[in-house]
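The values are calculated or read from the model by the stated rules, or taken from the named source; none is laboratory data. Note that the coordinates shown come from a computational prediction; the quantities given were computed from them, not determined experimentally. Neighbour counts are summed over all protein chains in view; Cβ atoms, including those assigned to glycine, are modelled from backbone coordinates with ideal geometry.
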Amino acid sequence: SRRVRPADLDRHKAEGRKIIALTAYHAHTAGILDAYCDFILVGDSLGMVMHGMESTLPVTVDMMIVQAQAVMRGTSRALIVVDLPFGSYEASKEQAFHTAARVIKETGAGAIKMEGGAKFAETVSFLVDRGVPVMGHIGLTPQSVNTMGGFKVQGHTPESQESLMDDAVAISRAGAFAMVMEGIVEPVARTIAASPEVTALTIGIGASAQCDGQILVLEDMLGLSDRAPKFVKSYGALRGHIEDAVKGYAEDVRGGRFPAIEHTYPPRS
Ligand code: KIV
Ligand code: NA
């Protein structure tokens with residue numbers, strides 16, 4: 001068996017199958033996802049989710065590489081996509097290629113993702129022409145939190161709707177195989193996903209069920225994050241499970257019930 005490739009995802013769409021994706025940053029969780037997800041994103045959300053940062057801006061390429069290596073080790077089937085973090089690709093298409101090549105060489109991941117629309121179309125085609133499969137990311141782009149004036153849903157005004165469509169078309173034409181559409185009002189996301197000019201696969205998060213696929217941050221949907229956005233459906237309550245386990249352990253140690261005899265090593269007989 002081999003890993004899913006970007007081109008395989010087009011066949012999914014042609015066959016009318018939704019593309020299933022989640023984020024992961026660890027070998028063990030990624031290993032659980034591997035059988036169920038077409039692709040796994042090693043997202044720069046790891047800065048907030050794993051490290052308690054207030055935004056994704058401080059995340060470095062080295063951090064992305066370490067977690068992508070962990071996810072590669074834990075999986076054998078899913079396509080692994082790795083985010084290029086803030087500051088590692090925006091200055092020039094050459095900088096973007098240098099970072100993307102480093103990520104691919106050091107991790108073996110099958111594709112990279114970068115935030116940005118029409119302004120990054122030239123960068124997208126530069127990378128694709130040089131053998132790097134690119135996933136775009138439009139709408140609410142968390143690396144632009146400071147210029148967007150917060151984490152704000154996009155597509156409320158006619159100007160914003162037009163520029164979102166321009167972004168989606170531009171990165172499709174540039175050769176991105178897919179794009180994340182994040183935090184976009186539903187009818188606008190639906191229109192973009194349905195447009196024949198948007199040839200890249202559309203992966204929604206806080207967007208529309210009409211996208212070609214969906215992605216969520218794993219810790220959000222598992223109920224491990226302390227708070228999750230409105231667009232997250234809860235599929236678990238891990239926070240409570242972990243708290244119960246830790247509480248039980250503390251009580252057992254305090255009460256002398258752990259370790260029991262079966263958790264200890266008898267002498268050699
Ligand atoms: O970093 C991330 O987890 C992402 C997803 C929310 C798409 O970019
Ligand atoms: Na991201």
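Of all residues in the range 192-212, those that are hydroxyl-bearing (Ser, Thr, Tyr) have Cβ atoms under 7 Å from Cβ atoms of residues that are surrounded by 15 or more Cβ atoms within 10 Å (Cβ to Cβ) and assigned to a strand (DSSP E or B), 6 or more apart or on another chain, in Thr202/Met179; Thr202/Met181. Scanning the range 145-178 for residues being within 18 Å of Ile112 (Cα to Cα) and surrounded by fewer than 17 Cβ atoms within 10 Å (Cβ to Cβ) gives a total of 1. Is it the case that Leu57 is touching a strand residue (DSSP E or B) at 6+ places or on another chain (Cβ under 9 Å), under 21 Å from Leu140 (Cβ atoms) and within 13 Å of ligand 1 (Cβ to nearest atom)? Spelling it out, it is not the case that Leu57 is touching a strand residue (DSSP E or B) at 6+ places or on another chain (Cβ under 9 Å), under 21 Å from Leu140 (Cβ atoms) and within 13 Å of ligand 1 (Cβ to nearest atom). Test Met148 against the criterion of being within 16 Å of ligand 2 (Cβ to nearest atom) and not β-branched (Val, Ile, Thr), and give yes or no. So Met148 passes the test. The residue pairs whose first member lies in the range 140-161 and is among the β-branched types (Val, Ile, Thr), whose second member is away from ligand 1 (no atom under 16 Å from the Cβ), and whose beta carbons are closer than 7 Å, counting only pairs six or more residues apart or on different chains, are Val153/Val185.
Looking at the range 91-157, what helices (runs of 4 or more DSSP H) fall wholly within it and have at least 3 residues that are at pLDDT 95 or above?
Those helices (runs of 4 or more DSSP H) span 93-107, 121-129.
The criterion of at least 1 residues that are among the charged types (D, E, K, R) is met by the following strands (runs of 3 or more DSSP E) wholly inside the range 166-269: 178-182.
When the range 118-144 is limited to residues that are within 15 Å of ligand 1 (Cβ to nearest atom) and of a type in the set (Ser, Thr, Tyr), the one that is nearest to His156 (Cα to Cα) turns out to be Thr141. For the range 34-51, state whether one or more residues are in a helix (DSSP H, G or I) and under 17 Å from Gly108 (Cβ atoms). No: the range 34-51 contains no residue that is in a helix (DSSP H, G or I) and under 17 Å from Gly108 (Cβ atoms). Summed over the range 199-210, the residues that are more than 10 Å from ligand 1 (Cβ to nearest atom) and either polar (S, T, N, Q) or within 13 Å of Asp10 (Cα to Cα) (or both) give a count of 6.
Which one is farthest from Thr29 (Cα to Cα) among residues in the range 74-110 that are among the charged types (D, E, K, R) and within 18 Å of the chain's Cα centre (by Cα)?
So, considering only residues that are among the charged types (D, E, K, R) and within 18 Å of the chain's Cα centre (by Cα), the one farthest from Thr29 (Cα to Cα) is Asp83.
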